[in-house]
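Asks: Here's a structure for you.
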Amino acid sequence: MPLPRMAGQTTVWSMKRLLLCGFALLFVSGCIRRVEEKTTITWWQFWTDPLARPVIEELVATFEAENPDIAVNLVDLTWAEGHQKIVVAFAAGTTPDVLELGSDWVAEFSHKGLLLDLTAEAERQRDLLLKWEPVTHQGRTYGFPWLLGTRVLFYNKDLLFRAQFDPEKPPENWADWLTEALAVDRLGSDVHGFAANAFEHHRLYKKFLPFFWSNGGRLLSEDGDSCLLASPQGVDALEFYVALCGAGLIETQRELDLAFLRGKVGFTISGDWLLDQLRRDPDSPQFGVALLPRPEGGQSISFAGGEYLVIPKKSAHAQEAQLFINFLLRPENNLKLCRAIGFVPAHKAAAQNPYFLDDPFRAVFYEQLASAQPTPVHPAWVEMEEEVERAVEAAMYGAQRPDSALRRAARAIDEIIGR
């Protein structure tokens with residue numbers, strides 16, 4: 001026999017159900033609010049190789065753990081197509097919140113007013129970081145140095161010994177360098193004195209301009225209104241570069257690095273990525289690294305490149321983007337990535353780490369970086385560099401004399417400046 005229902009029981013249970021539903025709704029509402037309050041910033045970057053990518057992911061995960069209200073959407077770019085994708089994104093208004101730009105790309109966007117002015121935050125970090133020039137325009141700062149790189153001279157000690165030179169004393173001047181390269185080149189048909197870059201966009205100019213700068217050349221006039229590439233310093237530098245190429249193998253950077261790894265090249269100009277490859281390969285030749293040789297009366301000046309972090313002006317999350325950049329620039333984080341990829345950290349404290357200073361090979365890169373030069377901070381530099389590379393290629397292959405090739409390039413660059 002069922003128990004009799006007490007008066008008001010239905011009402012009590014109904015009220016309990018309403019209260020429980022209310023609490024549930026409040027709980028769900030709070031969760032939804034917290035999810036909605038989580039900000040997602042998008043970061044476009046280029047480090048996709050197996051050594052770098054895990055470190056990038058680790059850094060992102062650590063940042064998100066420290067900042068649970070911020071998520072980072074990581075988007076990979078490639079060097080082959082990245083520049084064009086960035087140009088299209090700015091034109092379409094679909095840029096990310098944080099963007100990695102090569103040092104020679106920044107001016108193209110900062111001069112057009114497409115990057116956020118970060119001068120106030122930059123001033124707080126001015127004395128902590130190296131190489132601000134590429135992100136500086138008319139006294140304002142539009143980004144932060146992140147990863148720095150330069151090129152040095154790699155030499156094969158075994159081949160120098162076979163060519164009857166002291167393998168512990170690399171050449172310090174152009175005359176000795178050419179003499180030794182030619183001697184190595186005569187050792188056999190499978191051996192080359194010098195590794196010379198074939199035409200590759202964004203690469204060939206980095207190999208020639210150090211010769212130009214070391215010889216006292218200046219690419220643009222003080223006012224930036226004319227190109228000085230065809231100066232006597234430029235012609236002399238290209239003539240020497242062509243002579244050096246005559247003792248060498250002309251190939252892509254990848255093939256040149258492989259040839260050096262196989263012990264087939266006496267001298268090559270390359271970056272710290274080659275140092276890491278040589279150290280990992282048990283069959284690599286006995287090698288050394290040195291500052292780039294200098295002309296008589298000149299200096300040893302290499303190319304200063306690197307990666308910079310900027311915030312596009314249309315970012316809806318500039319504050320969070322700046323927080324993320326500051327995280328990446330912490331000395332321990334800057335050092336962690338550079339140890340994986342071989343670059344020099346932009347943060348001075350990280351660059352002074354014993355990992356760099358106590359390593360005689362890496363110390364050469366750090367020393368070379370001190371005198372290295374970036375390309376002109378000009379919005380049309382990407383167009384200009386192509387003209388420089390065409391001139392060098394024409395001279396390398398004998399299509400034009402160095403003076404004629406440089407005069408043609410200077411005229412083309414003057415037209416670019418005048419637009």
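The values are calculated or read from the model by the stated rules, or taken from the named source; none is laboratory data. Everything numeric in this text was worked out from a predicted model, so none of it was measured. Cβ atoms come from the backbone with ideal geometry, glycine included; neighbour counts cover every protein chain shown.
Asks: I'd like to check which helices (runs of 4 or more DSSP H) are fully inside the stretch 55-167 and have at least 1 residues that are surrounded by fewer than 16 Cβ atoms within 10 Å (Cβ to Cβ) and without any contact (Cβ under 8 Å) to a residue 12 or more places away in the chain. Can you show your working first?
Replies: Values: elements: 82-92, 106-110, 119-125, 157-162.
Correct list: 82-92, 119-125, 157-162.
Asks: Pairs please, first residue from the stretch 239-261 and farther than 21 Å from Ala183 by Cβ and at pLDDT 95 or above, second anywhere and small (Gly, Ala, Ser) and surrounded by fewer than 19 Cβ atoms within 10 Å (Cβ to Cβ), Cβ atoms under 6 Å, 6+ apart in sequence or on different chains.
Replies: Close Cβ pairs satisfying both conditions: Leu261/Ser284.
Asks: Something else now. Can you tell me which condition Leu209 does not meet? The list is (1) touching a helix residue (DSSP H, G or I) at 6+ places or on another chain (Cβ under 6 Å); (2) of a type in the set (A, V, I, L, M, F, W, C); (3) within 30 Å of Ser110 (Cα to Cα); (4) surrounded by 20 or more Cβ atoms within 10 Å (Cβ to Cβ), and all the others hold.
Replies: Condition not satisfied by Leu209: (1).
Asks: Based on this model, can you work out whether Asn353 counts as touching a Leu at 6+ places or on another chain (Cβ under 9 Å), polar (S, T, N, Q) and more than 30 Å from His111 (Cβ to Cβ)? Break it down stepwise before answering.
Replies: Values: touching a Leu at 6+ places or on another chain (Cβ under 9 Å): yes; polar (S, T, N, Q): yes; more than 30 Å from His111 (Cβ to Cβ): yes.
Yes.
Asks: Out of everything in the stretch 168-199 that is of a type in the set (Val, Ile, Thr) and in contact (Cβ under 8 Å) with a residue 24 or more places away in the chain, what residue ends up being nearest to Glu251 (Cα to Cα)? Spell out how you get there, then give the answer.
Replies: Initially, the stretch 168-199 is screened for residues of a type in the set (Val, Ile, Thr), giving 179, 184, 191.
Still in the list and also in contact (Cβ under 8 Å) with a residue 24 or more places away in the chain: 184, 191.
On the way: Val184: 18, Val191: 14 Å.
In this case the residue turns out to be Val191.
Asks: Right, here's the next one. Looking at (1) hydroxyl-bearing (Ser, Thr, Tyr); (2) farther than 30 Å from Ile417 by Cβ; (3) within 15 Å of the chain's Cα centre (by Cα), which is the only condition Thr375 fails?
Replies: Single failed check for Thr375: (2).
Asks: When you scan the stretch 249-265, do you find a residue that is in the same structural domain as Thr179 (by TED's automatic domain parsing), among the hydroxyl-bearing types (Ser, Thr, Tyr) and buried (at least 18 other Cβ atoms within 10 Å of the Cβ), even just one? Don't jump to the end; show me each part of the working.
Replies: Initial filter on the stretch 249-265 (in the same structural domain as Thr179 (by TED's automatic domain parsing)): 249-265.
If we keep only those that are among the hydroxyl-bearing types (Ser, Thr, Tyr) too, we end up with 252.
With the extra rule that they be buried (at least 18 other Cβ atoms within 10 Å of the Cβ), the set shrinks to none.
No: zero hits.
Asks: Restricting attention to the stretch 312-331, does a residue exist that is in contact with a strand residue (DSSP E or B) (Cβ under 7 Å, 6 or more places away or on another chain), charged (D, E, K, R) and either part of a helix (DSSP H, G or I) or more than 21 Å from Ile269 (Cα to Cα) (or both)?
Replies: Yes, some residue in the stretch 312-331 is in contact with a strand residue (DSSP E or B) (Cβ under 7 Å, 6 or more places away or on another chain), charged (D, E, K, R) and either part of a helix (DSSP H, G or I) or more than 21 Å from Ile269 (Cα to Cα) (or both).
Asks: Can you work out which of the residues in the stretch 378-398 that are in a helix (DSSP H, G or I) and not aliphatic (A, V, I, L, M) is surrounded by the most Cβ atoms within 10 Å (Cβ to Cβ)? Give the steps one after another, and end with the answer.
Replies: Start the filter on the stretch 378-398 by keeping residues that are in a helix (DSSP H, G or I), which leaves 381-396.
Next, only the ones that are not aliphatic (A, V, I, L, M) stay: 381, 383, 385-387, 389-390, 393.
On the way: Trp381: 26, Glu383: 16, Glu385: 21, Glu386: 19, Glu387: 22, Glu389: 22, Arg390: 19, Glu393: 19.
Selected residue: Trp381.
Asks: Further, regarding this structure: Considering (1) more than 19 Å from Ser110 (Cα to Cα); (2) crowded, with 22+ Cβ neighbours inside 10 Å, say which one Pro295 fails and leave the rest.
Replies: (2) is the only condition that Pro295 fails.
Asks: Quickly run through the stretch 270-286 and pick out the residues that are more than 21 Å from Arg339 (Cα to Cα) and touching a residue at least 60 places away in the same chain (Cβ under 8 Å). Spell out how you get there, then give the answer.
Replies: Pass one, the stretch 270-286, residues more than 21 Å from Arg339 (Cα to Cα): 283, 285-286.
Result: Pro285, Gln286.
Asks: What pairs come up if the first residue lies in the stretch 378-402 and is closer than 21 Å to Gln138 by Cβ, the second is surrounded by fewer than 21 Cβ atoms within 10 Å (Cβ to Cβ) and small (Gly, Ala, Ser), and their beta carbons are under 7 Å apart, counting only those six or more places apart or on different chains?
Replies: Close Cβ pairs satisfying both conditions: His378/Gly224.
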